[in-house]
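*Asks:* Have a look at this one.
The values are calculated or read from the model by the stated rules, or taken from the named source; none is laboratory data. Here the structure is a predicted model, which is why all the values come from computation and not from measurement. Heads up, the Cβs are rebuilt from the backbone with ideal geometry, glycines too, and the neighbour counts pull from every protein chain shown. Ligands, DNA and RNA are excluded from the accessible area calculation, which covers all protein heavy atoms including side chains. Shrake-Rupley method; radii C 1.70, N 1.55, O 1.52, S 1.80 Å.
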Protein chains: 2
Amino acid sequence: MPSATVRLVDGMQFVGTSASGHAIVMDTTEDVGGSDTGPRPMELLLIALGGCTGMDVVSILRKMQVQFTRFEIALDGERAPEYPKYFTKIKVIYKIWGDVPEEKLKKAIDLSLEKYCSVSNSLKPKAEVSYEYQINPT
Amino acid sequence: MPSATVRLVDGMQFVGTSASGHAIVMDTTEDVGGSDTGPRPMELLLIALGGCTGMDVVSILRKMQVQFTRFEIALDGERAPEYPKYFTKIKVIYKIWGDVPEEKLKKAIDLSLEKYCSVSNSLKPKAEVSYEYQINPT
């Protein structure tokens, strides 16, 4: 069972510790009592989604013996206008550099977002998750 | 609009950067090609949930002029048995030390989880989020 603990340090600064033993600082903006010493919790959801689908895609591409030298993901979230301001839409933009056949990249992304990625599937269908990809963008 | 970027460093290690300018390392276990240099993406969801509801609860308790000296949250997640292994249940256990009236704590938690917390409301209703609280636990 995944587990975590979170502890108030001071102001709005919290330190979270994962079951795997890694610590993360979270904080918020000064106008709501924070000190901006770490990411906002909602930003962590986008980062977690990027890490999750990123690990899937590189794992699948490596199994397909696709050669690439660089791999990045940009994520944009749209939130409900009123409280609770949950994510309604998340756009995932995959950027990869190398000798990457488009159909293999697309297959890897679809397998991740539909079948394997626990984070995207924790946020769907409340958030509509869509994607784009760019091969060797300048 | 919240946004983030995630970049592959090596193996399964990714560094995420939030729009607010903070970086987070993510990684996975060695049996799937990782080096355990950071939390798993699914652990980040639990940490984000703890930070989100934690910030709400301390903010509400401070407005109620409740005095407390220490505040922690433990989170446990249950996942679907088959891929995609999204969260089906999350238990949030609030622990607070101080002169804390139970009805004020309960009201603060309910306001957070039902009305204000963007993270819990991004994960519900796919994940059933329940809670307990402990005042001055030993």
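*Asks:* Read phi for every residue in the stretch A:15-30 and hand back ³J(HN,Hα) as whole Hz from Karplus 6.51 cos²θ - 1.76 cosθ + 1.60, θ = phi - 60°, with x for Gly and Pro.
*Replies:* 10, x, 10, 8, 4, 7, x, 10, 10, 9, 8, 10, 7, 9, 7, 5
*Asks:* In the full protein assembly as shown, how much of B:GLU82 is accessible to a 1.4 Å probe, in Å² to the nearest 10?
*Replies:* In the full protein context, B:GLU82 sits at about 130 Å².
*Asks:* At a probe radius of 1.4 Å, figure out the B/A buried accessible area, summed over both chains, and give it in Å² to the nearest 100. Intermediate values should be presented prior to the final figure.
*Replies:* Working: alone 9060 and 9050 Å², together 12410 Å².
For B against A, buried area totals roughly 5700 Å².
*Asks:* Only Lys, Arg, Asp and Glu count, each charged at its Cβ (+1, +1, -1, -1), so figure out the dipole size of the stretch B:90-138 about its Cα centre, rounded to 20 debye. Mind dumping the intermediate values first?
*Replies:* Working: 8 positive and 7 negative charges, 41 e Å.
The calculation lands at about 200 debye.
*Asks:* Which residues of the stretch A:1-35 end up with at least 50 Å² less accessible area in the presence of all protein chains than when their chain stands alone, using a 1.4 Å probe?
*Replies:* For the stretch A:1-35, once contacts with the other chains are taken into account, A:MET1, A:PRO2, A:ALA4, A:VAL6, A:ARG7, A:LEU8, A:MET12, A:PHE14, A:SER20, A:HIS22, A:ILE24 lose 50 Å² or more.
*Asks:* Holding the Cα-Cα limit at 31 Å, pick out from A:LYS95/A:LYS124; B:LYS95/B:LYS115; A:LYS115/B:LYS107; A:LYS126/B:LYS107; A:LYS95/A:LYS126 the pairs that are longer than that.
*Replies:* Values: A:LYS95/A:LYS124 22 Å; B:LYS95/B:LYS115 21 Å; A:LYS115/B:LYS107 39 Å; A:LYS126/B:LYS107 26 Å; A:LYS95/A:LYS126 25 Å.
Long pairs (Cα-Cα over 31 Å): A:LYS115/B:LYS107.
*Asks:* Identify, among A:GLY34, A:THR53, A:ALA23, the residue whose Cα sits farthest towards the positive end of the charge dipole of the stretch A:1-68, taking +1 on the Cβ of Lys and Arg and -1 on the Cβ of Asp and Glu, with the dipole about the Cα centre.
*Replies:* A:THR53
*Asks:* Relative to the longest principal axis of chain A, what angle (0 to 90°, nearest 10) does the C-alpha long axis of helix A:41-63 take?
*Replies:* Helix A:41-63 and the main axis of chain A meet at about 20 degrees.
*Asks:* What ranking of A:VAL58, B:VAL129 comes out by heavy-atom accessible area, probe 1.4 Å, highest first?
*Replies:* Values: A:VAL58 0, B:VAL129 30 Å².
The ranking, largest first, comes out as B:VAL129, A:VAL58.
*Asks:* Moving to a separate point now. Expressed in nm to one decimal, what extension gain is obtained for the pair B:VAL9 and B:LYS63 from 0.36 nm per residue of sequence separation less their Cα-Cα distance? All intermediate terms of the calculation are to be shown ahead of the outcome.
*Replies:* Working: separation 54, 0.36 × 54 = 19.44 nm, distance 4.32 nm.
Additional length available on full extension: 15.1 nm.
*Asks:* Given the pairs A:LYS91/B:LYS85; A:LYS89/B:LYS63; A:LYS85/B:LYS85, which are separated by over 30 angstrom at their Cα positions? All intermediate terms of the calculation are to be shown ahead of the outcome.
*Replies:* On the way: A:LYS91/B:LYS85 21 Å; A:LYS89/B:LYS63 32 Å; A:LYS85/B:LYS85 25 Å.
With Cα atoms farther than 30 Å apart: A:LYS89/B:LYS63.
*Asks:* For the stretch B:63-125, with the dipole built from +1 on Lys and Arg beta-carbon atoms and -1 on Asp and Glu ones, taken about the Cα centre, which of B:SER118, B:ILE90, B:PHE68 lies farthest toward the positive end?
*Replies:* It is B:SER118.
*Asks:* Quick check on the stretch B:64-138: take the gyration tensor over C-alpha atoms, sort the square-rooted eigenvalues as a ≥ b ≥ c, and tell me if it's rounded (a/c under 1.5), prolate or oblate. Mind dumping the intermediate values first?
*Replies:* Working: a/c = 3.43, a/b = 1.96, b/c = 1.75.
In terms of gyration-tensor shape, prolate.
*Asks:* Between B:SER18, B:SER35, B:SER59, find the one with the highest GNM mean-square fluctuation for chain B; connect C-alpha pairs within less than 10 Å.
*Replies:* Top of the fluctuation ranking is B:SER18.
*Asks:* For every helix of n ≥ 4 consecutive DSSP H residues, a contribution of -39,500 (n - 2.57) applies; sum these over chain B, divide by its total residues, and give [θ] at 222 nm rounded to the nearest 500 deg cm²/dmol. Intermediate results must be reported in sequence, preceding the final value.
*Replies:* Working: 3 runs with 38 residues, N = 138.
Theoretical 222 nm ellipticity from helices: -8500 deg cm²/dmol.
*Asks:* Roughly how many debye, to the nearest 20, is the charge dipole of chain A about its Cα centre, given +1 on each Lys and Arg Cβ, -1 on each Asp and Glu Cβ, and no other charges? Please list the in-between numbers first.
*Replies:* On the way: 16 positive and 18 negative charges, 116 e Å.
Taking the Cα centre of chain A as origin, the dipole is about 560 debye.
*Asks:* Which chain A residue hugs the A-B rotation axis most tightly by its Cβ, and what is that distance in angstrom, to the nearest whole number?
*Replies:* Its Cβ sits closest to the axis: A:LEU44, 3.
*Asks:* Treat each spin label as a single point 7 Å out from the Cα along the C-beta direction, and report the A:SER20 to B:VAL25 distance in nm.
*Replies:* The modelled label-to-label distance comes out at 1.2 nm.
*Asks:* So how much accessible area does A:ASP76 have, in Å² to the nearest 10, using a 1.4 Å probe?
*Replies:* 50
*Asks:* Now for a different question. With the cut-off at 21 Å, report for chain B the share of all Cα pairs above it, as a whole percent.
*Replies:* So the portion of pairs separated by more than 21 Å is 52 percent.
*Asks:* Could you put B:VAL15, A:VAL32 in order of accessible surface area, largest first, with the 1.4 Å probe and the full protein assembly present? Can you show the working numbers first?
*Replies:* Details: B:VAL15 45, A:VAL32 80 Å².
Order by accessible area, largest first: A:VAL32, B:VAL15.
*Asks:* Right, next: Which residue, A:LYS124, A:LYS95, A:LYS115, has the most motion in a Gaussian network model of chain A that connects Cα atoms within less than 10 Å?
*Replies:* A:LYS115
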